[in-house]
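Report on the following structure.
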Amino acid sequence: MKIYNFSAGPACLPDPVILATNQAITEYKSTGMSVIEMSHRSEPIEQLFGEVTHRIKQLLRVPENYEVLWLQGGASMQFSMVPLNLLPDGSSADYIETGSWSAKAIHECNKVGFANVIGSSKENNFSYIPNKFTQKFDSKYLHITSNNTIYGTQYKVFPRINNKDSFLVADMSSDILSRVIDISQFGLIYAGAQKNMGPAGVTLVIIRNDLVSKKYRDLPAMLDYGVHIKKRSMFNTPPVFSVYVVNETLKWIEGIGGVEEIEKVNIRKANKLYSEIDRNPLFRSPVNINDRSMMNIPFVFADSSMDDNAFLGYCTDRGLLTLKGHRSVGGFRASVYNAMPESGVNELVLAMQEYKG
Ligand SMILES: *Cc1c(COP(=O)(O)O)cnc(C)c1O
């Protein structure tokens, strides 16, 4: 039976990527060595880092005045690195709170400076994206979470910055490479790999280069964007294996025709699933219709007395795994990242149609 993994993260990866990784674990590019035992200073790995950076720049059309970094510490490390590098002592930044991840980013910012929470959907269990807010005139940047992995909301239009000295920062961990974005709208974006790009262990940061030179404080080297840029993401031993898998995933996206093409598939997959949720009297969506995520799709039983575990067991028997909703939403969540084939969505829709309760 074909297995479909709907996990929110770490999440499914494309079959060709797993196959290539298998080979590289055994032997990398006829070197007689496994990719996981090779020095990051060796020629093939230097080349790998050059390739993966080139690929991400092509796929995301990264403008010339931006730097690409491959760091460790996950998106969670960026919750701290962003204010440490970009927020002067005693100053403030605007944050929009759209879920647990943005709440954590806010919490970390407050250890460095002040986070103005200018919009929040907390009172409504983060079921929508707030679109009425006023940026503070002296805010250094505005931080958003582009896709809320747990609650299943996603920005369709990004906020405009109304102060020329400020800039937009986005946590794109769960929707990077899923749709076309205009990088020039952002001062910085970051994304942990393990949702839509690869395994855990590496985090992509794309930063406008004029923001790097602001030395607001004497930072530990590992937390300083400037250090990592200067050392081309090899200040210390980088996570070569994770970067290898990301590179393979990027090749796979290129093979499909790039982000433009994968976005079309993602729209089709998400529409199929939402149509079924809306059509099927057994289920409903807890998310505001205009803010529905294309990547993480939570749904619940319309009748809350129905047994979630029974449906989860029914799905497991059909090879549809890890559909349990996050505990803060309940019910079910289908994460349909780039690597989830359309056939997986078809199978899930069929299970929803055939389920008799
Ligand atoms: C998973 C996730 C994180 C946390 O990522 P780590 O790599 O575990 O630090 C942060 N933000 C978003 C939007 C996520 O989905």
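Details
- Residue among D175, D182, D171, D210 that is out of contact with any helix residue (DSSP H, G or I) (no Cβ under 8 Å at 6 or more places or on another chain) and within 16 Å of N85 (Cβ to Cβ): D210
- Of the criteria (1) touching a Pro at 6+ places or on another chain (Cβ under 9 Å); (2) among the β-branched types (V, I, T); (3) away from the ligand (no atom under 13 Å from the Cβ); (4) assigned to a loop (DSSP other than H, G, I, E, B), which one I150 fails: (3)
- Contact map, the range 314-330: first residue at pLDDT 95 or above, second residue in a helix (DSSP H, G or I) and of a type in the set (A, V, I, L, M), Cβ cut-off under 7 Å, separation 6 or more or different chains; pairs are Y314/A351; C315/A351; R318/A351; L320/L348; L320/A351; L323/L312; K324/L312.
- Candidates R232, R268: the one that is within 20 Å of the chain's Cα centre (by Cα) and away from the ligand (no atom under 16 Å from the Cβ) is R268.
- If the condition is being away from the ligand (no atom under 13 Å from the Cβ), of a type in the set (G, A, S) and surrounded by fewer than 17 Cβ atoms within 10 Å (Cβ to Cβ), then the range 55-97 contributes G90, S91.
- Any pair with Cβ under 7 angstrom, 6 or more apart, that starts in the range 28-44 at a residue that is without any contact (Cβ under 8 Å) to a residue 24 or more places away in the chain and ends at one that is β-branched (V, I, T) and assigned to a loop (DSSP other than H, G, I, E, B): P44/T31
- For the range 1-54, a residue qualifies if it is under 27 Å from the mean Cα position of the chain (by Cα), surrounded by 13 or more Cβ atoms within 10 Å (Cβ to Cβ), assigned to a loop (DSSP other than H, G, I, E, B) and away from the ligand (no atom under 16 Å from the Cβ), and the qualifying residues are P14, H40.
- Any chance A103 is free of Cβ contacts under 8 Å to residues at least 24 places away in the same chain, within 16 Å of the ligand (Cβ to nearest atom), of a type outside the set (D, E, K, R) and crowded, with 16+ Cβ neighbours inside 10 Å: yes
- Verdict on S343 being at pLDDT 95 or above, under 20 Å from the mean Cα position of the chain (by Cα) and polar (S, T, N, Q): no
The values are calculated or read from the model by the stated rules, or taken from the named source; none is laboratory data. Predicted model only: the values in this text are computed from it and were never measured. When we count neighbours, we look across all protein chains shown, and the Cβ atoms used for this are built from the backbone with ideal geometry, even at glycine.
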